[in-house]
Structure formats: C-alpha cells, structure tokens
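Visitor: Take a look at this one; I'll ask things after.
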Amino acid sequence: MPATMFTCPDGQTVDIDWCINVGCRMGRRCLSKRTLRMVAEQRTWTGEPSTTQLLKGTREAFLELTKEYSLTPDAELFRVLGSKAHAYLEGFTDNELTEERLHDSIGSGQFDFYDPEEQALYDTKTWGSFKVARALGYKSESKEVPTGEYYKTGDKKGQPKYKKVTTTVQGEPDMKDTEIQLNHYRMMLEAAGFPVKEMFVEAIIRDGNTYMAKNRGIERNGELIPVKILPDAEVREYLQAKRDALLTALETGEMPPPCTDEECWEGRKCNGYCRVSQFCDASGELMESEVINDGCKESKQEEETA
C-alpha cells in the first residue's frame, strides 16, 4: 500500500490528503502544494513488480506494499528533482524513444532514452558526486608527502615535515544495481526489436563544481558513464529470484528474510534511510516510535525516478 502520511518538520505525522487539501497543521507549509503533491505521487501496485522495485531488498519492497508508512517531504526532494529533470528532457526528444514502459515475464521497466541511430540506451540520473565517483571507479587514497621543510625545535628538530595529500586513483566501477537495471531494459528493448550496442548513465551531479566533488575526482557537472552489457541469463536469474521471493511473500503474508548487507548498505540504510525500517526487526537499532521520523534522505529512492 502507498504511503498515507507525511512526517512534518517537528517530527509529527499528518494524513497526506489532509495536509494538501485542508491545511498545514503547523500553520506554515514546509513546501508548496504542488511539490507536496509530487512527493506524494506513488506508483500503484498492479501485481507486476518493476525493475527498480526488485532491486530493493525483498523485505523492504514487501513492507512498502503491506504497511502504512510516512514520507518526509524534505527527504524526498532528490526524487522530485529527478522527476522534473526527466519531464523537462522528454520535451527535447526527436526521432528517438523515450520514457516507454516495457513488460516481460519478470516485470516492467521504464527506460529513459533510446537512440535508434546509435543503438544506444541512456538512463539519466541525478546523483551526488560520491555515487558518481563509485560508478566511475574513482577511489581516494591519502598518503604523507614531505613538504620540503624541517622542524627547527622540539623533539623532532631536524626531521622533515610531512603533509597528508589525497589523490584519486582509478579502480573498478561499482554500480551493480544500475547494471542490472539497464541490462533488463536492454533485454526488453531487444525483445521488442530494438538492438542495443551501448548503454550509458547520464549523470547530472547535484553537488558538481564543489570542493567535495572535485576532491573525489569529479570535475564536471555531468558525466556520461558507460554501463557494461551483462549476460542475459545472469540478469534474468537474479531478477527472477527476486520476483519469486516478493510475490511469494505477498501471497503468504510471511515476512521475507532480512535484506542482504549489500541491499541495506551494511546496515546504514536501516538507520535513517529506509521508509519502513520501523516495521523491521533486523534494522540493528529499532525505532520505538509508531511513525518514521527520518524517511529516506539521500537514498536509492532517487534511482526510482532517475
């Protein structure tokens, strides 16, 4: 079932319809009505899972479909940013395909942009520089280097002075979920008669041109990141297993096993970045409140609309 409440800036909850259609319980709105309507918009469950839904932990997806939970509007704004970027870019499509929802035996997925001339699939995402750096395989390394100066007094007199320097080194790209996501879109496109030779994430970097982004090796405000083509069998096996687990849990009403370490970011997602962690006994730090006070801040929810 969809979220039914908003969590206000003071930590209290309010019914979404009441907030938007009656008035603000705090006297002054935290965001405009149109933005709140966009935050509240959710995909209706039809019995067919989406690709992004299957990429979540099965327990998380199950709880979002079976529990009434709350959204924190401020924490959902990155998702809104992604939605607005998509809607704007769609107006610049020429003879290409864009924002089409496709279906197969696993579920459905809505790709962003397919260029038939290039036979290339693009997925636009509004990511922070940390995620972009991981997707590009950039890693930071720190080391002590001599400054050319020497201590003149004290116990270290005559010894060289050092300073810590952080450099960016090239490693392996880290974006498994994105690779699975785009490869599933590729498979559905090819089944519909549209061959795909290349795939890219078109990353719009939210904190581009900042000190933090540059320190991570990100010099631009946008990056076109290649996504590798995975074997169809590997993608199908992974998503089919996730689909079967989710549908079985919904049919039996039995809570699925806890999310894997990868799915819950080594437990970090459970504590402040998961909308339904209050209903999960495996979060490591249970919330005693009846409502979610933090919501999903800068979480993978941005990927659902990016």
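The values are calculated or read from the model by the stated rules, or taken from the named source; none is laboratory data. Not measured: the values here are computed from a predicted model. When we count neighbours, we look across all protein chains shown, and the Cβ atoms used for this are built from the backbone with ideal geometry, even at glycine.
Visitor: Output the residue which, of all residues in the stretch 167-217 that are in contact with a helix residue (DSSP H, G or I) (Cβ under 8 Å, 6 or more places away or on another chain) and basic (Lys, Arg), is nearest to residue 52 (Cα to Cα).
Guide: 206
Visitor: Mind checking whether some residue in the stretch 255-270 is basic (Lys, Arg), surrounded by fewer than 19 Cβ atoms within 10 Å (Cβ to Cβ) and within 25 Å of residue 73 (Cα to Cα)?
Guide: yes
Visitor: Here's another thing I want to ask about it. What number goes with the only condition from (1) within 22 Å of the chain's Cα centre (by Cα); (2) under 28 Å from residue 188 (Cα atoms); (3) part of a loop (DSSP other than H, G, I, E, B) that residue 92 does not pass?
Guide: Among (1) within 22 Å of the chain's Cα centre (by Cα); (2) under 28 Å from residue 188 (Cα atoms); (3) part of a loop (DSSP other than H, G, I, E, B), the lone unmet condition for residue 92 is (1).
Visitor: Could you tell me which residue of the stretch 95-116 is nearest to residue 245 (Cα to Cα), considering only residues that are among the polar types (S, T, N, Q) and in contact with a Lys or Arg (Cβ under 8 Å, 6 or more places away or on another chain)?
Guide: 108
Visitor: Can you report the number of residues in the stretch 64-93 which are among the charged types (D, E, K, R), modelled with pLDDT of 90 or more and out of contact with any Pro (no Cβ under 9 Å at 6 or more places or on another chain)?
Guide: 1
Visitor: Which residue out of 226, 231 is under 22 Å from residue 187 (Cβ atoms) and free of Cβ contacts under 8 Å to residues at least 24 places away in the same chain?
Guide: The conditions single out 231.
Visitor: For the stretch 133-240, give me every one of the strands (runs of 3 or more DSSP E) that falls completely inside it and has 1 or more residues that are surrounded by 13 or more Cβ atoms within 10 Å (Cβ to Cβ), among the acidic types (Asp, Glu) and touching a Phe, Trp or Tyr at 6+ places or on another chain (Cβ under 8 Å).
Guide: Where strands (runs of 3 or more DSSP E) fall fully within the stretch 133-240 and carry at least 1 residues being surrounded by 13 or more Cβ atoms within 10 Å (Cβ to Cβ), among the acidic types (Asp, Glu) and touching a Phe, Trp or Tyr at 6+ places or on another chain (Cβ under 8 Å), they are 198-205.
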